[in-house]
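Undergrad: Have a look at this one.
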Amino acid sequence: TPFVTEKLASSEWRDRDAALTALGSILDGPTEDLAPFILNAMPNILASLNDNLLQVKETAAWTISQVCTFFPEVVCSGLDQVLGDMYKCLTDESPRVAACACYAIYSLASYVEEVPGAPSLEPYFSHLITGLVSTTSRPDGSKANLRTSAFEALNALVQGVPPAMQGHLTDLVPEFIERLRSAMSMTVTSGEERATQLEVIGLCCSVLQAVATKLEGGIKPVAQPIMEALLAVLGQSAEGG
């Protein structure tokens, strides 16, 4: 681990990239003694998101997503910086960086939802939802699995939204009903476009389902438009359109 720490600060980009790759690759192995090291290394890992070389920045984003998956409790000790950096990464020009940010958010949201006593994401919910909604419509969404990763992160946040914030979930309904209708009316001229259309339709439906499941009885004000939108999808499927 001292070797990795040293290489993270190296002036040679290959050393920095190799150190990040090595660190991210060992996180799913024996983990008993890694937590203190990861905690100490996080500032350097996060700083690597600003590396001048795209390859290093992409590897840093991937490593952070690995840390959030296998050591979320370590990340939760510094949520402000990690989630702030992941929010910024959602708009990065690299779809791989943005996709890794989505996966990091997904992992943290899942951890907070599943583990009693984990810190709440309530202070970050509004910004993260806004960022992820925007990311789901990025024109490069088909690259690096970005579109799907953004929707999965969004759904994870919806499922774990604290009670005080649940009223904001209804704001998502008109947005994704409109996207659903837009996807259904797409002019499809190739198999690739058809696959994209079906993917977007399915992902929009997943958001509406997540919102309906979370709101339970609170879904009543938006239940009818959701039902109409989903029935339209079923009708189009039955017609083979």
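The values are calculated or read from the model by the stated rules, or taken from the named source; none is laboratory data. Fair warning: this is a prediction, and the values are worked out from it, not measured in the lab. Please note: Cβ atoms are built from the backbone with ideal geometry, for glycine as well, and neighbour counts cover all protein chains shown.
Undergrad: Of all residues in the stretch 189-225, count the ones that are under 26 Å from Leu146 (Cβ atoms), of a type outside the set (Lys, Arg) and under 28 Å from the mean Cα position of the chain (by Cα).
TA: 22
Undergrad: Residue under question is Ala183, and the condition is that it be farther than 30 Å from Thr69 by Cα, free of Cβ contacts under 8 Å to residues at least 40 places away in the same chain, under 22 Å from the mean Cα position of the chain (by Cα) and surrounded by 14 or more Cβ atoms within 10 Å (Cβ to Cβ); does it hold?
TA: So Ala183 passes the test.
Undergrad: Consider Leu157 against the criteria (1) farther than 29 Å from Ser107 by Cβ; (2) in the same structural domain as Gly131 (by TED's automatic domain parsing); (3) of a type outside the set (Asp, Glu): it satisfies all of them except one. Which criterion is unmet?
TA: Only one criterion is unmet by Leu157, namely (1).
Undergrad: Take the residues in the stretch 180-211 that are of a type outside the set (Gly, Ala, Ser) and assigned to a loop (DSSP other than H, G, I, E, B), then tell me which one is nearest to Gly160 (Cα to Cα).
TA: This residue is Met186.
Undergrad: Here are some residues: Ile129, Ile177. Which one is assigned to a helix (DSSP H, G or I), among the aliphatic types (A, V, I, L, M) and over 27 Å from Pro116 (Cβ atoms)?
TA: Unique residue meeting the criteria: Ile177.
Undergrad: Only one residue in Ile38, Ile45 is β-branched (Val, Ile, Thr) and either touching a Pro at 6+ places or on another chain (Cβ under 9 Å) or more than 23 Å from Val115 (Cα to Cα) (or both). Which one?
TA: Testing whether each residue is β-branched (Val, Ile, Thr) and either touching a Pro at 6+ places or on another chain (Cβ under 9 Å) or more than 23 Å from Val115 (Cα to Cα) (or both) leaves just Ile45.
Undergrad: Select from the stretch 145-191 the residues that are touching an Asp or Glu at 6+ places or on another chain (Cβ under 9 Å), small (Gly, Ala, Ser) and more than 15 Å from Cys205 (Cα to Cα) and list them in ascending order.
TA: Gly160, Ala164
Undergrad: Which condition number in (1) free of Cβ contacts under 8 Å to residues at least 60 places away in the same chain; (2) crowded, with 19+ Cβ neighbours inside 10 Å is the one that Thr136 fails?
TA: (1)
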